[in-house]
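Notes to accompany the following structure.
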């Protein structure tokens, strides 16, 4: 059969886009830069949300909801924040339309101009800290541990489905603490929550680290991040957690009275992951046949397809299929029996391969007479005949194995794709090979900038587990005591 | 203790607002008409969402996500729709801010003006049908059964927390069908899903019916609705389900080829409920002491409060409390042990009463020595001493009983508050008593309008179970064959 996707080797970027569209995950909408997340894609996002939400609640957070709109003046209150945000934003200036007097549809009613423009939130620190101001008086009101699931808008000039869109879905945690120590602890805790989720659920190994000053969130004192390696060797920032110090508390005048009766500014964190994770998931596991999903995120984990000629055969096959179906359901496995007669088995095989269903069972009379069914793994594309009687028992373990195999494969790629680089010559070679490069850096923004301009590689992070060692900056030759992670990135 | 809420008898509207704010459910934000849904309120909304979402999926729907923004021109495409929507809307005209050259924060960058303004969705029929156009070619592509959880914006001049806010959260189902019959069936099915949810989960009895032409959704051929009676006798529309005919299919040119090879326009429905349900929930069950929550929606179903002097007593009490706690948790009950030493028991009693926790257990040494704990019901405000050994076994049944009691109480109010009205004189009396009035109506918009102008009562619906009978319109005296439901409404 003709492949529906551009092969990865031919054009990785085109392969990605083909896959997102052909696997029915998302598509561009009529509104520039905004996507439609289709049911198949949204179901995966829902699975991510459910698991993350459980982790947030287990660590003591509650969900809440803050306004979509933020008064324009709020962005000017925190000096660094305004530089980083509030520039490429959707601006609401009017609140009414009226009939065009020429009878041609509707036009903006100029009488309904807002006194102060409203910005569609690109992130919610400002409106949330303006709200927290009224919630916090005493140390008894702290900590505040809140998360919000929401849509946000950042006006992007060049967009790519899931990876960079004008509107995207995300969660943003915003916490308030009595002490610096507690806030730092929170920011670090959430980094680990993200890393655990990425590794355990997405089967995507990540490198945990902190950003350099250049790459920090606008308004943060420290930005923690997880970085993952995509199949083409590029890095993708998969989640960030910010220690915001007292910056937003000072900007919005949020103080509390301590146990000792002293009035102090409150300490803050914020942290978020977005639908960008969908892009990370795709570029970690998928292949030229389509999506490959880790079982823990697969909306359908097992699909059963009947192979038959005529209704009599279908009936016989369906007896076995339905028995397997109900037994798997009883085990809590997400399973589907596709007995549609509008499509041929071969079409269905390709369809579920494209959509990344981890396990496919094909049940036909010829095998069935021998007491066998065909089991195919999406991750390895391997097939085997297994005993009809034993197939149900095998599946839970096999789903775990697939999950682990996907993780191991991605980890191997990350390990093999990460190299120590000790000279600028090496750097120039490895960067073209799409490697993660651990190299010494002199700690200056100038050097960081110069390397970026020369190679498009940026410092993804200073890994938390980077060991102290004497060395010389790969670019400037100045002394350095730690290697940092360089790579080109999405 | 001084009551924190204005009594209902004194000022129902003020009582409602006090309750929403004091029970920490929501508050007004700095953005006019937009609310902040606080963690206590959002947790209830999450419980509603989870139950509704399960019901939607059980009836074959999947979730998806469509853009927040809709091009202005889309609203003009469906003639009735443009009249009903797209007037009081948030309009995005620019996509960039820049630094004020005078150094005073940020201003709108006039160079970044959109060619066509974008409207923040007040509802998504237009953008969704524009998308469906590309998804539907053949009868094989139908039905499309999609739901979206989203925020929407309708610029309201007079807002009230949960009941009417500029931005609110909701779900909107949008389905596409090959036949009129199937679409009507879908619209009716979703009405029943809403009614079942309202009655079984919210413990709120509703009247199912259809709207008159005047009150129909803009673009619908039939609007089904559920109407609930609030404690003050006013009606609250709690959910609507629309049969849209082929209106949107025609406006966006969405056709399919039937099995027989004919090209036909697609049939549509849409249906939604919103955070307005939070208002309905409050005004169905709550009292002068605060929120009363049906157990199925209570984030905390049971709270345990220790009564003690000194740490030694607390330790003894905590042994029993923690045993009860873990046993209740094992039964799947949402239970909390509040052993904070920063607040006194009396304060905690009031707090949990205000927040509507269905069952409170107070454990103190004096009772404990007799093998007893105090159990208080939020719905009846009754207290009793129960044997420590037996309390865990009683609770699951008691939660069901509370749920049923709340429903029965609300149903009794609805039944007693609904009267047959046979003359205009009666109508004028009953409307002032805050009744639901079943009266004959001549079927004309003029009469409907005249009654509204005279009494502020509107036709809430033509109940599905309204029986055919000969009668005369309560206002015009003209013949009528059915009673309809009149009431003043939120």
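Every read-out reported here was derived from the displayed coordinates using simple, explicitly stated rules and does not represent laboratory data. Not measured: the values here are computed from a predicted model. So basically every Cβ, Gly included, is an ideal-geometry build from the backbone, and we count neighbours across all protein chains shown.
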### Pseudo-label separations to other copies for residue B:105 - Cα-to-Cβ vector, 7 Å, nm
3.3
### Message
Test of understanding: ordering B:277, B:169, A:314, B:385 by Cβ neighbours within 10 Å, fewest first, what list do you get?
### Response
B:385, A:314, B:169, B:277
### Query
For the stretch B:92-200, what percent of Cα pairs sit more than 24 Å apart?
52
### Message
Given contacts defined as C-alpha pairs under 8 Å and at least six residues apart, what's the relative contact order of the stretch A:54-204, whole-number percent?
### Response
23
## Note on the structure
So the FRET efficiency between residue A:444 and residue B:102, C-beta based with R0 = 35 Å and rounded to 0.05, is 0.55
### Summary
Per the C-alpha gyration tensor (a ≥ b ≥ c, the square roots of its eigenvalues), the stretch A:33-106 is rounded if a/c is under 1.5, else prolate if a/b beats b/c, else oblate; here it's oblate
### Message
Using only the alpha-carbon atoms, how far is helix A:391-416 inclined from the longest principal axis of chain A? Give it as 0 to 90 degrees, nearest 10.
### Response
50
### Acute angle (nearest 10 degrees) that the helix A:180-200 long axis makes with the longest principal axis of chain A, alpha-carbon atoms
20
### Query
How big is the antiparallel share of DSSP beta bridges in the stretch A:417-487, given as a percent to the nearest 5?
70
### Message
Once the label point is set 7 Å along the Cα-to-beta-carbon vector, what list of distances in nm do you get between residue A:444 and its counterparts in the other copies?
### Response
8.9
### Query
What percent does the relative contact order of chain A come to when contacts are Cα pairs within less than 8 Å and at least six residues apart?
13
### Query
Taking Cα pairs under 8 Å and at least six residues apart, what relative contact order does the stretch A:417-487 come out at, in percent?
39
### Query
How many nm separate the modelled label positions at residue A:382 and residue B:263, each set 7 Å beyond the Cα in the direction of the Cβ?
5.1
### Summary
Between residue B:339 and residue A:329, the FRET efficiency computed from the C-beta separation at R0 = 41 Å comes out, to the nearest 0.05, as 0.45
#### Entry: Cα-derived Rg to Rh of chain A, Kirkwood definition
1.03
### Message
With 10 angstrom as the radius, rank A:269, B:455 by how many other C-beta atoms surround their C-beta, starting from the fewest.
### Response
B:455, A:269
## Note on the structure
Distance in Å, no decimals, from the C-alpha centre of the stretch A:391-406 to the one of the stretch A:112-155 is 44
### Query
What list of whole percents do you get for P(r) of the protein assembly as shown, with Cα-Cα distances grouped in 10 Å bins up to the one holding the largest distance?
2, 10, 17, 22, 22, 16, 9, 2, 1, 0
### Query
Cα centroids of the stretch B:431-490 and the stretch B:166-197: how far apart, whole angstrom?
26
### Rg and Dmax [Cα atoms of the stretch A:339-423; Å; Rg one decimal, Dmax integer]
17.6, 65
### Summary
The ratio Rg/Rh over the Cα atoms of the stretch A:3-149, Rh being the Kirkwood inverse mean 1/r radius, stands at 1.08
#### Entry: DSSP bridge orientation in the protein assembly as shown - percent antiparallel, rounded to nearest 5
80
#### Entry: Alpha-carbon centroids, the stretch B:322-382 and the stretch A:276-304: separation in whole Å
46
### Summary
Per the helix-only model, chain B has a calculated mean residue ellipticity at 222 nm (DSSP H runs of ≥4, -39500 (n - 2.57) each, divided over all residues, rounded to the nearest 500) of -11000 deg cm²/dmol
### Task
Take the Cβ-Cβ distance between residue A:389 and residue B:59 as r, set R0 to 35 Å, and report the resulting FRET efficiency rounded to the nearest 0.05.
0.50
### Message
Across the stretch B:422-487, what fraction of all alpha-carbon pairs, as a whole percent, falls in each successive 10 Å bin from zero upward?
### Response
23, 62, 15
### Extended-chain gain in nm, criterion 0.36 nm per residue less alpha-carbon gap, residue B:482 and residue B:138
119.7 nm
## Note on the structure
Relative to chain B, whose Cα atoms define the longest principal axis, helix B:445-455 and its Cα axis are tilted in degrees, nearest 10, by 40
### Summary
So, in nm and shortest first, the distances from residue B:319 to its counterparts in the other copies, with label points 7 Å along Cα→Cβ, work out as 6.2
### Which of A:129, A:155, A:149 has the fewest Cβ neighbours within 10 Å, and the rest in rising order
A:149, A:155, A:129
### Task
Return the percentage of antiparallel bridges among DSSP beta bridges fully within chain B, rounded to the nearest 5 %.
80
